[in-house]
Amino acid sequence: MTRTPLIAGNWKMNGLQPALEEAKAIAQAADSQDGAEVLLCPPATLLTDLARTLSGSRVKTGGQDCHAEESGAHTGDVSAEMLAGAGADYVIVGHSERRADHGEDDLTVKAKAKAARRAGLTPIICVGEKEAERAKGVHLDVIEMQLDGSTPKNLAGDEVVIAYEPVWAIGTGRTAEPQDIAEMHEFIRTRLRHIMGEEAEGVRILYGGSVKPGNAAEILGIDNVDGALVGGASLKAADFGPIIASAQSE
């Protein structure tokens, strides 16, 4: 099955109005390529303006998180419906920083993924092990539990994206070895077959963990790596553009 690569940029808590000019440069880089789908997930404060800025380009927009409820007394939270109304197509849920900093467990992540589908958004469900868990040899068990607990059932393959992000590689400059990435992505594909059946073949599995221009082509060439979830390197067109160019349709 052909899966169009997805190169997603997670701006995290970065970006003010001047960042929109950088987004225009990213759109120019994306529009000159046809091998991948490109996504930018800015802070919620920039989402509407970014969606307008990117209108007419190939770059889609997404949120970095959402609340499980459609509305209500949840001060400071943003619903999936609000993100959709602001122009989002995707939303990241269960990022390791949300799991660690906000105590989000698998049930919470699953509820947010369901909310995303309710609002017509595609959830990018993040899973990944800590360094201590890998050292103990329980990394596959951790990923299995996160996938089973965080992935809603009865979804089509094009209704969800999985992002594997080894926690120890995020923002550290360290990248998992190619054989480790291949092992984890094959394991995730196999586990998704258990959860989703044949629809698992259509799910894009992204790698996230210090992806940069110098290693993107090698990582994207690994079996079952269907794109990348990029952090710091997505903030500048000079870095993100070459990563986009490294992606080719399978």
Which of the following residues is assigned to a helix (DSSP H, G or I), surrounded by 20 or more Cβ atoms within 10 Å (Cβ to Cβ) and among the small types (Gly, Ala, Ser): Ala115, Ala132, Ala182? Ala115
Among (1) within 30 Å of Gln179 (Cβ to Cβ); (2) surrounded by fewer than 23 Cβ atoms within 10 Å (Cβ to Cβ); (3) in contact with a strand residue (DSSP E or B) (Cβ under 6 Å, 6 or more places away or on another chain), the one test that Met145 misses: (3)
Subset of the range 81-112, residues among the aliphatic types (A, V, I, L, M) and in a loop (DSSP other than H, G, I, E, B), comes to Ala86, Ala88
Quick one: how many residues across the range 36-80 are part of a loop (DSSP other than H, G, I, E, B), touching a residue at least 40 places away in the same chain (Cβ under 8 Å) and over 17 Å from Val161 (Cβ atoms)? 3
Filter pass, Leu46 being buried (at least 16 other Cβ atoms within 10 Å of the Cβ), within 19 Å of Gly209 (Cα to Cα) and modelled with pLDDT of 95 or more: no
Given the criteria closer than 15 Å to Leu220 by Cβ and among the β-branched types (Val, Ile, Thr), does Val38 qualify? yes
Look through the range 49-66, keep the residues that are out of contact with any strand residue (DSSP E or B) (no Cβ under 7 Å at 6 or more places or on another chain) and of a type in the set (D, E, K, R), and return whichever of them is surrounded by the most Cβ atoms within 10 Å (Cβ to Cβ). Asp49
Being charged (D, E, K, R), in contact with a Ser or Thr (Cβ under 9 Å, 6 or more places away or on another chain) and surrounded by 18 or more Cβ atoms within 10 Å (Cβ to Cβ) narrows it down to one of Glu37, Glu69, so name that one. Glu37
Out of the range 1-35, which residues are out of contact with any Gly (no Cβ under 6 Å at 6 or more places or on another chain), outside any helix (DSSP H, G or I), within 14 Å of Ala237 (Cβ to Cβ) and at pLDDT 95 or above? Gly9, Trp11, Gly15, Pro18
Determine whether Gly197 is more than 17 Å from the chain's Cα centre (by Cα), under 25 Å from Ala23 (Cα atoms) and loosely packed, with under 15 Cβ neighbours inside 10 Å. no
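The values are calculated or read from the model by the stated rules, or taken from the named source; none is laboratory data. Quick caveat, the model's predicted, so the values are computed rather than measured. Here Cβ is always computed from backbone atoms with ideal geometry, including for glycine, and neighbour counts include all displayed protein chains.
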